[in-house]
1. Of all the residues that make up the range 214-272, how many are within 24 Å of Ile153 (Cβ to Cβ) and of a type in the set (D, E, K, R)?
2. Can you name every residue in the range 34-80 that is outside any helix (DSSP H, G or I) and polar (S, T, N, Q)?
3. What are the pairs, 6+ residues apart or on separate chains, where a residue within the range 385-401 that is open to solvent by 10 Å² or more (accessible area, probe 1.4 Å) has its Cβ under 6 Å from a residue that is small (Gly, Ala, Ser)?
4. Got a sec? Which of Arg338, Arg360 is assigned to a strand (DSSP E or B), open to solvent by 70 Å² or more (accessible area, probe 1.4 Å) and either out of contact with any Asp or Glu (no Cβ under 6 Å at 6 or more places or on another chain) or at pLDDT below 95 (or both)?
5. If we keep just the residues of the range 227-266 that are more than 17 Å from Leu197 (Cα to Cα) and of a type in the set (A, V, I, L, M), which is nearest to the chain's Cα centre (by Cα)?
6. Filter the range 283-307 for residues that are closer than 30 Å to Asn384 by Cβ and either assigned to a loop (DSSP other than H, G, I, E, B) or open to solvent by less than 80 Å² (accessible area, probe 1.4 Å) (or both) and give the result.
7. Identify the single condition in (1) in contact with a Lys or Arg (Cβ under 7 Å, 6 or more places away or on another chain); (2) at pLDDT 90 or above that Met264 does not satisfy, given that it satisfies every other one.
Amino acid sequence: MYKFIEKLFTFLYPIFRKWGLGSSIASYLSLIINIAVLCLLAFTIYVVFRLILVTVMVFIAQKTKTKFDDLLVTNKTAKYIAHLIPLLFIYKSVPIILDRYEYWEGVFGKLVGIYIVILVLWIIRTIFNALRDYLKLKPRYSDKPIDSFIQVIMIILWVVGITVIISKLFDIDQKELLTILGAVSAVIILIFRDTILGFVSSVQVSINDMVRIGDWITMDKFGADGDVIEINLATVKVRNFDNTTTTIPTYSLSSDSFQNWRGMLNSDGRRIKRHILIKTSSIRFLEETELNDLKRINLISDYIDTRKAEIDDYNSTNQIDKSLAINGRNLTNLGLFRKYITEYLFNYPELNQDMLMLCRQLQSTSHGVPLEVYAFSKDKGFENYEYIMADVFDHIIASVPYFDLEIFELPSEGSFVADNELPKLKTKKII
């Protein structure tokens, strides 16, 4: 190959000399023609090899079942390889064409060599991009931070490539260049601080399985509340539920606190944890007539009969003076309401009966007594979950008056009336 190139670009000069042209004229004339021939041949080689490589690549992609070769075609790998072949031809031809022009031979040789290094890196990049897209099609790797690892590999390759380029450009030995880079490593670390932190965090995130693509995460510091759509070396992209996109530094996932909802989505239910405030003044003991009325509520009728029998037996056995309701054991409207809510939850079809389910009373506050529902819905989707929770509390709030209870609310303008419009309160004589 080298001998053919040498014969191709050296036969003109002797011919021009035989024609009686001067040394300088013959040299410049042969140089111009050789450059024109080189450009023409390089373009022809590019067109031919591009046609061959692209055609072969497409043919193979159509015949094989794997998607990897299809992605190589999509990322135009064959096209960039076709660029490389004429460049190698030019790289071998330049020293022959510019044999009498040492300065320009050195300049053009370096430029072509640098372009070849960049092009090789670009070809490797297209192959890695195809590999990334291929792995993302596999369920096993679809939630892994593949972008981060490919970016790390490409950074290493670019560092090697830049080292080769600098050594060629300034004629520095690569070992000496690496020694110099080692001496200025502190500056390099400062420049690539975020990249290094991002790489370490990406490894931690992957090894510890902290975040996957598709996870729903919440990070208040950055206003992120949505699904992770991309994890790369420097950033994590989150598509929020309002369709905005939040970008989070990758190293923040290991240095700051965030909430990952994957465990909830993989579990058997999504938690409902909400309370209502019962006005303290409305809580009281229930009388016999009131219990008879409440027995008409199907969910607690058997419970009232059982509990009333136990309480009556206890009070009778211990000769409790029931002239005062506070004496002995009694049923309260809040306790009975709490039991009703519990029975209602156990009979609600959209709640997971195999998970923890209860209605509990929390510490009293200045706003009343909190009555909290703690349960898990079967459907974990946002829309259905909100509907189930609202449906449960619609019923609970509407049930409050049946137990002669009141929900605490801050007074509004309509709550203030004249003294003569206030209803007269009934008082009971307890002694």
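The values are calculated or read from the model by the stated rules, or taken from the named source; none is laboratory data. As the structure is a computational prediction, the values presented were derived from the model and not from experiment. Quick reminder, even Gly has a Cβ in these numbers, built from the backbone with ideal geometry, and neighbours come from all protein chains shown. Remember, those area values only see protein heavy atoms, side chains included, never the ligands or the DNA or RNA. Shrake-Rupley method; radii C 1.70, N 1.55, O 1.52, S 1.80 Å.
1. Initial filter on the range 214-272 (within 24 Å of Ile153 (Cβ to Cβ)): 214, 228-237, 247-254.
Now restrict to residues that are of a type in the set (D, E, K, R): 230, 237.
Residues flagged as within 24 Å of Ile153 (Cβ to Cβ) and of a type in the set (D, E, K, R) within the range 214-272 amount to 2.
2. So in the range 34-80, the residues outside any helix (DSSP H, G or I) come out as 64-67, 75-76.
Correct list: Thr64, Thr66, Asn75.
3. What qualifies is Tyr385/Ser377.
4. Values: Arg338 fails: assigned to a strand (DSSP E or B).
Result of the check over Arg338, Arg360: Arg360.
5. Residue satisfying both the conditions and the ranking: Val228.
6. Ile297, Leu299, Ile300
7. If we test Met264 against (1) in contact with a Lys or Arg (Cβ under 7 Å, 6 or more places away or on another chain); (2) at pLDDT 90 or above, just (2) comes out false.
Residue-wise test of (1) open to solvent by 70 Å² or more (accessible area, probe 1.4 Å); (2) without any contact (Cβ under 8 Å) to a residue 40 or more places away in the chain; (3) aromatic (Phe, Trp, Tyr); (4) not in a helix (DSSP H, G or I).
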position: Asp227; (1), (2), (3), (4): no, yes, no, yes
position: Glu230; (1), (2), (3), (4): no, no, no, yes
position: Asp242; (1), (2), (3), (4): yes, yes, no, yes
position: Leu253; (1), (2), (3), (4): no, no, no, no
position: Arg274; (1), (2), (3), (4): yes, no, no, yes
position: Ser281; (1), (2), (3), (4): yes, no, no, no
position: Ala309; (1), (2), (3), (4): no, yes, no, no
